[in-house]
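Okay, so here's the structure we're looking at.
FYI, it's all coordinate maths here, none of it is from the lab. Here the structure is a predicted model, which is why all the values come from computation and not from measurement. We place every Cβ from the backbone using ideal geometry, glycine too, and count neighbours over all the protein chains shown.
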Amino acid sequence: MSAMLLNKEKWSDFVGMLAGKNLWAPRESDEGLRFVPVAEGEVPTLDYNNTRVPPKEAVFPQTETLFKFKVGGKDLEEPRPDQDAVLLGVRPCDARAMHIIDELFSWDEDDPYYLKRREKTVLVGLACNEPGLNCFCTSVGGGPVSTEGLDLLMVDLGEKYLLEEVTEKGSALIDEVKELLEEADDNSSKQKDKLADEAAGKIKRSIETEGIPAGLPGLWEDELWQRVSASCIGCGTCTFLCPTCHCFDIQDETEGFEARRCRMWDSCMFREYTLHTSGHNPRPTRSERTRNRINHKYSYYVDKFEVIACVGCGRCINLCPVNIDILDILGQVKEEI
Amino acid sequence: MDLDKLRKTAAEVVAREDVRYLLGWKKGTFGYRIAPGFVEDAESAAELIFSPLCTANLATYLTLTEKPPLPRGQEPDDRKVAVMVKGCDSRAVTQLLIEKGIERESVVIIGCPCPGVVDHELLAEKYPETEETAELKWSDKGFLLLQNGEETEIARDELLAEKCRLCRYPNPVVSDIMVGEPVETWEPDDDQGVAEVEGKNAEVRWEYWQEQFSNCLRCYSCRNVCPLCYCEDCILDRLNPTWIYRSVNFSENTAFNLARAFHLAGRCIECGECERVCPANIPLGKLNRKLAREVREKYGFEPGVDPEAEPFQASYKPDDPEEFIL
Amino acid sequence: MINKENPYIPYNATVEDTWYETGGERAIKTFKVVFDDENIRKSWEHFPGQCAMIGVLGVGESMISISCSPTEGEFLRFSVMRMGKVTQALHQLEPGDKMTVRGPYGNKFPLDQWQGKHILTIGGGIGQAPMRPVVEYVKSNYDNYGGLTMIYGARTSGDLCFKEEFEEMSKDDQLSCHLTIDIEEEQWDHNVGFVPQILMDLNPSPENTIAVTCGPPIMIRFVLENLKKLGFEDDQIYTTLENRMKCGIGKCGRCNAGNMYVCKDGPVFSYAALKEVPEAFA
Ligand SMILES: Cc1cc2nc3c(=O)[nH]c(=O)nc-3n(C[C@H](O)[C@H](O)[C@H](O)COP(=O)(O)OP(=O)(O)OC[C@H]3O[C@@H](n4cnc5c(N)ncnc54)[C@H](O)[C@@H]3O)c2cc1C
Ligand code: SF4
Ligand code: SF4
Ligand code: SF4
Ligand code: SF4
Ligand code: SF4
Ligand code: FES
């Protein structure tokens, strides 16, 4: 696949040409940085770090209607998500996260809602020149220029963006804006490699994951779980905002005569997640729940899909209100193994 | 703050036979982070700190700690829990005592007079966090930042958390042991910090809250962290009947945010934790303080100040205004 | 069959018959239901051990064991204990009312592999629901199995499900049927005592036998202990797990016990397999 260059002077033209395609990009507001549909005439800038809510919400919305019906009726109306979308400025870790949960949503039975959106969405990535404080993508199989899950990768070369095609969806997008682009030369690919090396060097945090998936089951009864979860308030931030967390609840909701069955994000860090009506709870405390979160990401998912379900985006570390730090937990896991 | 004295006191407390553990603040894993610590021995007590970074209200753990079913034959551990409290945190403990959410004998309260803590987001914005754990101390001017071997003086006004600007009780209102001398109190600059929103007309206010509530992720972090949200059977979790749908949209979000605010009217002690933990940055403090002001002005009640007081929502006075009741 | 187009879309079905198995606050009601769509009726296949998500539109869905064997006819049976929101709504359904069904979900009791063996089912309370299809299946294929023993117990005689079938069962000389209740009652001429104890009294030989059990966790625990005492090997014992479920198709993440999705990898497990799952007995 080929690579092209986009002069930043043409950035607003570039955005303008994509504007008709349901373009999403990060925007800073009161709530923090988040992917939102780009308003008409708006020219998003990409000079920020990662968003607070991961872009998974574009393919796996926090609340999704599975079908609608009339109260008392039996005909189901299925909304099929069939709108195209282009996500601009997706970080490599978040794209990798989608790539990882593609497995879950397509194993055995297909999940039509997720897969349809995924198919209709073009992910335009942006390589990280300045990784964040708690990024550790390089420890879990990713990196600042990783292309897994992306359709197109942009690298900020200073005055220009390098655009690398990753998939056919990406090539098709390039074709549409070709008039704004120029062919990339050797020099730009060298520049990219240099930036990538530098960026990887700026990543401060890491964990040697070898041995963790195999070692975790042996630590089931370890008092480590009690220790690392003692201060957890069970708020679920580490899972709601994790790009690979995919758990959901299903509920029926009615408003007058209109009713819908919908699904919404859920979290294994919540007490209700496993609670039976009888009052019995197979995971009665936050220590079992924390153990599940870590095991799910670093062991169960590996058993099922042969990949760690953590892309090292650092969100859970940055956003946990009581400083429960997954790298600290994994460090302790390694010590106990 | 004399840390040696604090640690020595803590070590003595956890050495007591009737104390199970002590809740205190420790350095976090990087940058400006602070981790709540569950201290069980002198060694761990030596890691305790008290600094302008210690925003967390540890009183929340008094009611948050889960009691899993015990294996047969095992007795529950009924020993006391010791907790380090700032002024606002001590009001949470007091309010819990008023509501009989905890027993006075079940806690050892270690009061830490508090010159005011920082707004973490502001701090990280102005003085970027690094992977080294940094220290922040109170100084004459305000704060002294020790980061990567460098010292920076920072003016108090520059970083003081909003809740602290408005604080009227920086000295613990209840305690068994005090560490440090009481601090001099200060005048809150604007009453309850709600004037700004209040000054606008209803439509603008509505728009403002509409935007804020639309951002809510319904993670319920605000509820979980709140020392006074401790109902065992919270209406938010109840399915049968379902009071508030789990769908995340403006109307359900609003129902939730308002329900929570009302449940806390006359109970919220303004420790600011909900606002601090909210991943959507919703200014929950404004909402709570507005209600607190109404309760104070209309009913003359202030939560978490007098442990002997009647709980506000369960008390009735003949001269209570009723004009808002339909 | 699972809706390949969209597995979240349920099929409409009509309640053909319904009756109470037990009374009280946590009553158990059985529903005999038939799919509205003839094609679904014809193509639907299930096997003992599997369950289905049944529901009431506007209220929600619950995972419920299919308590009949496919050998019984072109209908489904569910026995539902009244617990919370959905099960309460289900209990209000009467003949002619609609419910929704999607599935079947989960793995199966490996009855094909058990051919030639003696089958011993041990059920307690509502736990007989997944046992019943096993019993029915073996009953309609006696020639293929080495025999059938059924132990079933509940707190009182009023708490036993499928009572109307006991009479006929007692006449079936190929079935060794042992009913029990916890406490003595007048006019009860079967066993009295807890299920695990009845199992010990019966003292079945592990020789060429497969034991299948389902019931309250505490019963299962003692049944497992006793089966071991009787000399059963781990791979001769099967049970089912009950975890909270939402999707039934290994997506929502909720039902996991260790690295297993109970809705896909279960609910049927051999004891040998369960021993490897740390959360199985939580
Ligand atoms: C594989 C399997 C087979 C089952 N077979 C039967 C059966 O044959 N008959 C029967 O009466 N019940 C059976 N159950 C239990 C049944 O699913 C729950 O009792 C039911 O979901 C409660 O729903 P509710 O809406 O009435 O309760 P609510 O409290 O209103 O709903 C809470 C939610 O909690 C979950 N839940 C609560 N309790 C349980 C539980 N014990 N097991 C699983 N999920 C639970 C469900 O996700 C439910 O949607 C089975 C469960 C599983 C997993
Ligand atoms: S973000 Fe932190 S406190 Fe909240 S659930 Fe996760 S680990 Fe617990
Ligand atoms: S577990 Fe934490 S670091 Fe890993 S992907 Fe999720 S939020 Fe990011
Ligand atoms: S089980 Fe927990 S950690 Fe795993 S995807 Fe679900 S919420 Fe995330
Ligand atoms: S609100 Fe008062 S007591 Fe609480 S941290 Fe601020 S100054 Fe200290
Ligand atoms: S913490 Fe914020 S986002 Fe979460 S539920 Fe509360 S208000 Fe909403
Ligand atoms: S019920 Fe959803 S994964 Fe099993």
**Message:** Please compute, for peptide A:111-117, the average count of beta-carbon atoms on other protein chains lying within 10 Å of each residue's beta-carbon.
**Reply:** 3
**Request:** Return an integer: the convex hull volume of the alpha-carbon atoms of segment C:11-104, in Å³ per residue.
**Result:** 85 Å³
**Request:** Based solely on C-alpha atoms, express the radius of gyration and the Dmax of the protein assembly as shown in angstrom.
**Result:** 30.7, 95
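Which order results if A:Ser267, A:Ser171 are arranged by neighbouring Cβ count within 10 Å, fewest first?
Numbers: A:Ser267 25, A:Ser171 15.
Going from least to most buried by this count: A:Ser171, A:Ser267.
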**Complete:** Residue-normalised 222 nm signal for the protein assembly as shown, counting each DSSP H run of n ≥ 4 as -39,500 (n - 2.57), nearest 500 deg cm²/dmol, is -8000 deg cm²/dmol
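By DSSP, what percent of the beta bridges with both residues in chain B are antiparallel, rounded to the nearest 5? If you can, show how the numbers build up before the last one.
On the way: 20 of 32 bridges.
If we restrict to bridges inside chain B, about 60 percent are antiparallel.
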**Message:** With bins 10 Å wide starting at 0, give me the P(r) of segment B:91-223 over every alpha carbon pair, in whole percents.
**Reply:** 10, 25, 32, 26, 7, 0
**Fill in**
So, with points 7 Å from each Cα along the Cβ direction, the A:Tyr48-A:Glu223 label distance in nm works out to 4.5 nm
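Only counting other Cβ atoms within 10 Å, I'd like B:Arg20, A:Arg315 sorted with the fewest neighbours first. Walk me through the intermediate numbers first.
Working: B:Arg20 17, A:Arg315 27.
Listing B:Arg20, A:Arg315 from fewest to most nearby Cβ atoms yields B:Arg20, A:Arg315.
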**Complete:** Interchain or sequence-distant (5+) residues whose placed amide H lies within less than 5 Å of the amide H of C:Glu21 are C:Ile28, C:Lys29, C:Thr30
**Message:** Going 7 Å from the Cα of C:Asn141 along its beta-carbon direction, which residues of segment C:46-71 have the amide nitrogen within less than 13 Å of the resulting point?
**Reply:** C:46-49, C:69-71
**Request:** State to the nearest 20 debye the size of the charge dipole of chain C about its Cα centre, where the only charges are +1 on K and R beta carbons and -1 on D and E beta carbons.
**Result:** 1200 debye
**Prompt:** Taking other Cβ within 10 Å of each residue's Cβ, how do A:Met154, C:Met53 sort, fewest first?
**Reply:** A:Met154, C:Met53
**Request:** Please express the shape of segment A:212-336 as an equivalent ellipsoid: the semi-axes are the square roots of 5 times the eigenvalues of the C-alpha gyration tensor, given largest first in whole angstrom.
**Result:** 28, 16, 15
**Request:** Quick one: which residues, 5 or more positions from A:Ala85 or on another chain, have an amide H under 5 Å from its amide H? H modelled 1.01 Å from N in the peptide plane, none for Pro or chain starts.
**Result:** A:Thr121, A:Val122
**Request:** With all distinct Cα pairs included, what does the Kirkwood hydrodynamic radius of chain B come out to in Å, to one decimal, could you say?
**Result:** 21.1 Å
**Request:** Kindly work out what percent of the DSSP beta bridges joining two residues of segment A:3-201 are antiparallel, to the nearest 5.
**Result:** 65 percent
**Message:** Which one, A:Thr285, A:Gly236, A:Asn318, projects farthest toward the positive side of the charge dipole computed for segment A:179-337 from Cβ point charges (K/R +1, D/E -1)?
**Reply:** A:Thr285
**Asked** So which of A:Lys204/B:Lys137; B:Lys200/B:Lys298; B:Lys137/B:Lys286; C:Lys32/C:Lys117; A:Lys297/B:Lys8; A:Lys56/A:Lys160 end up more than 32 Å apart by C-alpha?
**Response** A:Lys297/B:Lys8
**Request:** Could you tell me the convex hull volume per residue, in Å³, taken over the Cα atoms of segment B:3-178?
**Result:** 135 Å³
**Prompt:** Residues of A:46-57, mean number of Cβ from any other protein chain within 10 Å of their own Cβ, rounded to a whole number?
**Reply:** 1
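Hey, got the average number of other protein chain Cβ atoms within 10 angstrom for residues in B:210-216?
Numbers: counts 0, 3, 2, 0, 1, 6, 1.
Going residue by residue through B:210-216 and averaging, the value is 2.
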**Prompt:** Once Lys and Arg get +1 and Asp and Glu get -1 on their Cβ, which of C:Phe75, C:Ile122, C:Ser62 lies farthest toward the positive end of the dipole of segment C:1-127?
**Reply:** C:Ile122
**Complete:** Inter-part gap, Cα centre of segment A:273-337 to Cα centre of segment C:90-157, in whole angstrom, is 36 Å
**Fill in**
For B:Thr133, other-chain or 5+-apart residues with amide H closer than 5 Å (H placed, Pro excluded) are B:Gly31
**Request:** Would you work out which of A:Cys128, A:Leu18, A:Gly149 lies farthest towards the positive end of the dipole of the protein assembly as shown, given +1 charges on the beta-carbon of Lys and Arg and -1 on that of Asp and Glu, about the Cα centre?
**Result:** A:Gly149
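How big is the charge dipole of segment B:19-105 about its Cα centre, in debye rounded to the nearest 20, if each Lys and Arg gets +1 on its Cβ and each Asp and Glu gets -1 on its Cβ? Walk me through the numbers before you get to the answer.
Values: 12 positive and 12 negative charges, 57 e Å.
Rounded to the nearest 20 debye, it is 280 debye.
Which of rounded, prolate, oblate describes segment C:118-240, given a ≥ b ≥ c as roots of the alpha-carbon gyration tensor eigenvalues and a/c under 1.5 marking rounded, otherwise prolate only if a/b is larger than b/c?
Working: a/c = 1.61, a/b = 1.13, b/c = 1.43.
Here segment C:118-240 falls in the oblate category.
Nearest 20 debye, what's the magnitude of the dipole of the protein assembly as shown about its Cα centre given +1 on Lys and Arg Cβ and -1 on Asp and Glu Cβ?
Numbers: 106 positive and 159 negative charges, 117 e Å.
In debye, rounded to 20, the protein assembly as shown gives about 560.
Based on DSSP, what percent of beta bridges with both residues in the protein assembly as shown are antiparallel, to the nearest 5?
On the way: 88 of 135 bridges.
Percentage antiparallel, nearest 5: 65.
With respect to the cross-link table entries A:Lys202/A:Lys334; A:Lys192/A:Lys334; C:Lys42/C:Lys163; A:Lys178/C:Lys251, which display a Cα-Cα separation exceeding 28 Å? Write down the numbers at each step before the final one.
Values: A:Lys202/A:Lys334 24 Å; A:Lys192/A:Lys334 35 Å; C:Lys42/C:Lys163 30 Å; A:Lys178/C:Lys251 40 Å.
With Cα atoms farther than 28 Å apart: A:Lys192/A:Lys334; C:Lys42/C:Lys163; A:Lys178/C:Lys251.
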